[in-house]
1. If you put a point 7 Å past Cα along the Cβ direction, how far is that point for residue B:65 from the same point in each other copy, in nm, smallest first?
2. Most exposed first by the Cβ proxy, i.e. fewest other Cβ within 10 Å, how do B:45, B:99 rank?
3. If each label sits 7 angstrom from Cα along the C-beta direction, how far apart, in nm, is residue A:54 from its counterparts in the other copies?
4. Find the eigenvalues of the gyration tensor of the Cα atoms of the stretch A:1-45, then list the square roots of 5 times those eigenvalues as equivalent ellipsoid semi-axes, largest first, in whole angstrom.
5. Measuring label to label, 7 Å along Cα→Cβ, what does residue B:95 give against each other copy in nm, shortest first?
6. Give me the three principal axis extents of chain B from the C-alpha atoms, as integers in angstrom, largest value leading.
7. Treat the count of other C-beta atoms within 10 Å as a stand-in for reagent exposure and order A:1, B:1, A:36 from fewest to most.
8. Identify which of B:61, B:24, B:114 has the largest mean-square fluctuation in a Gaussian network model of chain B, with springs joining Cα atoms closer than 10 Å.
DNA sequence: CCACTTTTCCCCACTACACCCCAAAATAAT
DNA sequence: ATTATTTTGGGGTGTAGTGGGGAAAAGTGG
């Protein structure tokens with residue numbers, strides 16, 4: 001499962017290399033293919049193909065004849081993009097996702113168990129320091145279930 | 001399954017090319033044939049033939065001796081149109097559907113799992129920004145089920 | 001039933017960008 | 001210090017997207 005954070009550069013073609021430490025955890029079933037979508041909060045979610053398929057199964061259960069469910073599906077898929085790693089273990093992130101995450105020339109790559117998140121370092125720092133609650137408070141709330 | 005958005009042009013013959021990224025997901029059983037109908041909200045739904053058949057099965061279960069169901073069937077089928085891709089992977093969209101979706105010379109093509117949606121870029125942006133709810137709110141509502 | 005007009009379909013051709021390959025720099029390991 | 005691996009950068013080529021012309025077919029009216 002993915003974990004840890006890494007700072008990498010992103011070149012002018014939108015390419016980001018997947019850290020070797022994270023690559024180890026990619027299942028062979030993913031076929032070096034990834035699906036990226038806009039994430040919760042200003043980041044990009046990157047799912048190895050096999051993990052994405054479990055998300056897709058949930059989405060397939062939505063009833064697209066209901067306006068609200070249709071809207072969610074559009075929001076979720078409008079910036080979705082599939083790509084394979086090149087021989088140098090890089091993927092290309094399209095411009096609309098970079099805009100969404102306010103990314104310029106550096107990215108913060110965050111391992112998040114089943115998926116990888118891509119942040120603008122600046123935005124991520126702001127996000128972390130934005131909450132009033134301490135780590136201990138949130139921990140006790142979320143983990144006591 | 002279809003995903004992602006693409007801006008393509010529509011020429012004065014009503015032709016739109018299906019993005020190569022979406023073409024990959026069309027089942028061979030579809031025989032390069034598509035059925036287009038008016039969609040939920042101001043867009044055009046494009047189903048590969050094999051996917052359309054599952055919709056058709058549902059429609060066949062409607063009781064046309066009930067006025068409301070009969071009306072729905074008429075609304076659904078009045079602008080339905082079947083067409084095959086040409087050698088350049090384009091389909092022709094009839095004028096009445098273009099009018100319905102308020103399309104002029106550019107289209108936004110949206111992959112939506114089983115189907116492809118065609119929007120006027122202007123109309124789509126208005127649609128997306130029309131809701132008060134954020135992506136995060138809708139996501140937590142719809143996906144927590 | 002025939003002639004004419006209009007639309008549809010198919011083919012060819014151009015342009016641009018995305019992809020793939022090669023290569024260098026930087027970091028880590030031996 | 002040397003080797004191996006990881007990260008970063010750039011250049012050529014194939015294919016995707018677009019536009020237009022001409023043949024075939026369909027529709028319209030005399």
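Since every read-out is calculated from the coordinates, none of them should be taken as a lab result. Just so we're clear, the structure is a prediction, and the values are computed from it rather than from any experiment. Note that each Cβ is placed from the backbone with ideal geometry, even for glycine, and that neighbours are counted across all protein chains shown.
1. Once sorted, the set of distances for residue B:65 reads 2.1 nm.
2. Least to most surrounded, the residues fall as B:99, B:45.
3. 2.2
4. Working: eigenvalues 65, 41, 34 Å².
Ellipsoid half-lengths, sorted descending, are 18, 14, 13 Å.
5. In ascending order, 3.5 nm.
6. So the extents along the principal axes, rounded to whole Å, are 42, 41, 29.
7. Ranked by crowding around the Cβ, least crowded first: A:1, B:1, A:36.
8. Highest fluctuation of the listed residues: B:61.
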